[in-house]
């Protein structure tokens with residue numbers, strides 16, 4: 001498929017941004033990013049009509065591209081701002097990574113499945129985005145570039161991995177869905193300056209399972 005971004009696509013993104021505003025997303029930086037990233041490029045040609053609907057959609061390797069509202073909600077909770085170093089657990093299609101980079105962050109993104117990572121690397125290079133791509137067990141974080149101003153997990157975890165807390169800077173946020181394999185609560189954990197961890201809990205979401213030593217076993 002030849003990748004184009006037409007006035008029609010841009011109009012569809014504007015409509016999507018309006019829907020996200022109606023659902024309560026008010027962070028202008030996040031909304032601007034959603035309005036810029038051509039989500040339809042992550043879809044097979046026969047499914048392009050679904051690209052700007054506010055819903056998740058299957059991609060390769062039994063994974064999904066997240067619902068735009070979920071992407072916006074997590075990015076907002078993360079307080080992603082220019083210059084912050086962010087670790088993304090679960091590169092997936094690469095769409096969330098694009099939104100984060102558009103927010104000006106220094107992004108490290110790790111993916112458990114090599115095939116998915118390679119596809120995302122190829123797409124994001126074409127699009128002009130250049131986060132650091134890692135293939136590995138995201139449930140263990142990625143210590144090499146720690147500590148992070150924020151960590152975002154785009155897969156459902158059974159518990160909060162200790163490694164992710166350890167790799168978070170004081171004042172930083174960890175945004176992670178925690179629950180069973182079907183439904184999770186979105187959590188925002190904040191590491192206070194004295195090292196204490198405070199927790200905020202949000203609505204139910206449904207993510208694919210976080211695989212790894214500190215996640216779900218296969």
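In the set 25, 34, which member is part of a loop (DSSP other than H, G, I, E, B), surrounded by 13 or more Cβ atoms within 10 Å (Cβ to Cβ), touching a residue at least 12 places away in the same chain (Cβ under 8 Å) and touching a helix residue (DSSP H, G or I) at 6+ places or on another chain (Cβ under 9 Å)? Step by step, each of 25, 34 is checked, and only 25 is part of a loop (DSSP other than H, G, I, E, B), surrounded by 13 or more Cβ atoms within 10 Å (Cβ to Cβ), touching a residue at least 12 places away in the same chain (Cβ under 8 Å) and touching a helix residue (DSSP H, G or I) at 6+ places or on another chain (Cβ under 9 Å).
The residue that is nearest to residue 74 (Cα to Cα), among those in segment 1-20 that are in a helix (DSSP H, G or I) and touching a helix residue (DSSP H, G or I) at 6+ places or on another chain (Cβ under 7 Å), is 20. Residues in segment 154-206 that are under 15 Å from the mean Cα position of the chain (by Cα) and closer than 24 Å to residue 144 by Cβ: 154, 155, 157, 173, 174, 175, 176.
Here residue 49 passes the criteria (1) more than 25 Å from residue 156 (Cα to Cα); (2) surrounded by 14 or more Cβ atoms within 10 Å (Cβ to Cβ) except the one numbered (2).
For segment 189-207, the set of residues classified as surrounded by fewer than 19 Cβ atoms within 10 Å (Cβ to Cβ) and touching a helix residue (DSSP H, G or I) at 6+ places or on another chain (Cβ under 7 Å) consists of 197 only. Taking segment 52-89, which residues are surrounded by fewer than 24 Cβ atoms within 10 Å (Cβ to Cβ), at pLDDT 85 or above, in a loop (DSSP other than H, G, I, E, B) and in contact with a strand residue (DSSP E or B) (Cβ under 8 Å, 6 or more places away or on another chain)? Across segment 52-89, the qualifying residues are 56, 79, 83, 84. The residues of segment 129-187 that are in contact (Cβ under 8 Å) with a residue 24 or more places away in the chain, surrounded by fewer than 21 Cβ atoms within 10 Å (Cβ to Cβ) and assigned to a helix (DSSP H, G or I), listed by number, are 140, 143, 145, 162, 163, 165, 166.
The values are calculated or read from the model by the stated rules, or taken from the named source; none is laboratory data. Note that this is a predicted model, so its numbers are computed, not measured. Methodologically, a virtual Cβ is constructed for each residue, glycine included, from the backbone with ideal geometry; neighbour enumeration extends over all protein chains shown.
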